[in-house]
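What follows is one structure encoded as structure tokens, with my remarks underneath.
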Amino acid sequence: MSAPTQAAATPAGPADPRALRTALGQFATGVTVVTTVAADRGLVGLTANSFSALSLDPPLVLWSLRETSPSMPAFRGEDRFVVNVLAEAQVEVSRRFATPVPDKFDGIAHALNEHGLPLLHGAAAWFECRTVARHGAGDHVLFIAAVERFTAAEQAPLVFHGGRYFALGSRL
Ligand SMILES: Cc1cc2nc3c(=O)[nH]c(=O)nc-3n(C[C@H](O)[C@H](O)[C@H](O)COP(=O)(O)O)c2cc1C
């Protein structure tokens, strides 16, 4: 389809969040589980596809968390977190960490790094990060973090598009 005319374009606004969500869903992403630890709650993690590379030198990444998310106090209280980039075999892991259940880590194989933060087994990559800035932005908080350590595994990544999960298609 060619570009919409000005008349056909939908003005963005709170009136039609579903249309905006649908249009945003055209942006295919990977899927991550961002994990940390909280003194009062133990291990914390949630599925996030707002993760993005930000800078190579210095190495910085970003992601955003809904202001009212139950996980928010943990990420405000602890500077360090791990971004686990999910592999295509980890759809159920993504579903589990996108649901507000009390112990998301039950039956989820993981290791702890030297800061006690969980690295999920079977991921495609791990980024061990330290928050350097938090910015409130609309109904989310944007986290900008320095990458302290990272590992890539030979696993194909999980893909999210239009509210559904996919494996990578053919290489163009
Ligand atoms: C594919 C996918 C991507 C998501 N990305 C984000 C995200 O980037 N930020 C966010 O706050 N919630 C995101 N969510 C929703 C959270 O995973 C969900 O609200 C979760 O319950 C939050 O954990 P909590 O309830 O323990 O705080 C996403 C959900 C899915 C399925």
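The values are calculated or read from the model by the stated rules, or taken from the named source; none is laboratory data. Quick caveat, the model's predicted, so the values are computed rather than measured. FYI the Cβ positions are ideal-geometry reconstructions off the backbone, even for glycines, and counts take in every protein chain you see.
So, Ala39, is that one at pLDDT 80 or above and either within 11 Å of the ligand (Cβ to nearest atom) or more than 30 Å from Cys129 (Cβ to Cβ) (or both) or not? When the stated conditions are applied, Ala39 does not pass them. Determine, yes or no, whether Ser69 is within 12 Å of the ligand (Cβ to nearest atom), surrounded by fewer than 18 Cβ atoms within 10 Å (Cβ to Cβ) and among the hydroxyl-bearing types (Ser, Thr, Tyr). Yes; evaluated as a whole, the condition is true for this residue. Pairing residues of region 77-103 that are closer than 8 Å to Leu158 by Cβ with residues that are more than 9 Å from the ligand (Cβ to nearest atom) and among the β-branched types (Val, Ile, Thr), at Cβ distances under 7 Å and at least 6 apart in sequence or on separate chains, gives Leu86/Val93.
Do the conditions hold for Trp126, that is, is it of a type in the set (A, V, I, L, M, F, W, C), more than 15 Å from the ligand (Cβ to nearest atom) and within 14 Å of the chain's Cα centre (by Cα)?
Answer is yes for this residue.
Candidates Arg66, Arg95, Arg164, Arg171: the one that is at pLDDT below 95 and within 25 Å of Phe27 (Cα to Cα) is Arg171.
Scanning region 82-93 for residues that are farther than 12 Å from Val34 by Cβ and not hydrophobic (A, V, I, L, M, F, W, C) returns Glu88, Gln90, Glu92. Applying the condition of being surrounded by fewer than 21 Cβ atoms within 10 Å (Cβ to Cβ) and near the ligand (Cβ under 9 Å from one of its atoms) to region 86-97 and asking which residue is nearest to Phe143 (Cα to Cα) yields Ser94. Among the residues of region 29-67, the one identified as of a type in the set (Asp, Glu) and over 24 Å from Pro102 (Cβ atoms) is Asp57.
Let's see how each residue does on (1) over 18 Å from Asp139 (Cα atoms); (2) assigned to a helix (DSSP H, G or I):
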site: Ala12; (1), (2): no, no
site: Val61; (1), (2): yes, no
site: Ser69; (1), (2): no, no
site: Pro73; (1), (2): no, yes
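Results for (1) at pLDDT 95 or above; (2) surrounded by fewer than 20 Cβ atoms within 10 Å (Cβ to Cβ); (3) outside any strand (DSSP E or B); (4) away from the ligand (no atom under 11 Å from the Cβ), shown as yes or no for each residue.
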{"site": "Ser2", "(1), (2), (3), (4)": "no, yes, yes, yes"}
{"site": "Arg18", "(1), (2), (3), (4)": "no, yes, yes, yes"}
{"site": "Ala23", "(1), (2), (3), (4)": "yes, yes, yes, yes"}
{"site": "Val44", "(1), (2), (3), (4)": "yes, no, no, no"}
{"site": "Ser50", "(1), (2), (3), (4)": "yes, yes, yes, no"}
{"site": "Leu54", "(1), (2), (3), (4)": "yes, yes, no, yes"}
{"site": "Pro58", "(1), (2), (3), (4)": "yes, yes, yes, yes"}
{"site": "Asn84", "(1), (2), (3), (4)": "yes, no, no, yes"}
{"site": "Pro100", "(1), (2), (3), (4)": "no, yes, yes, no"}
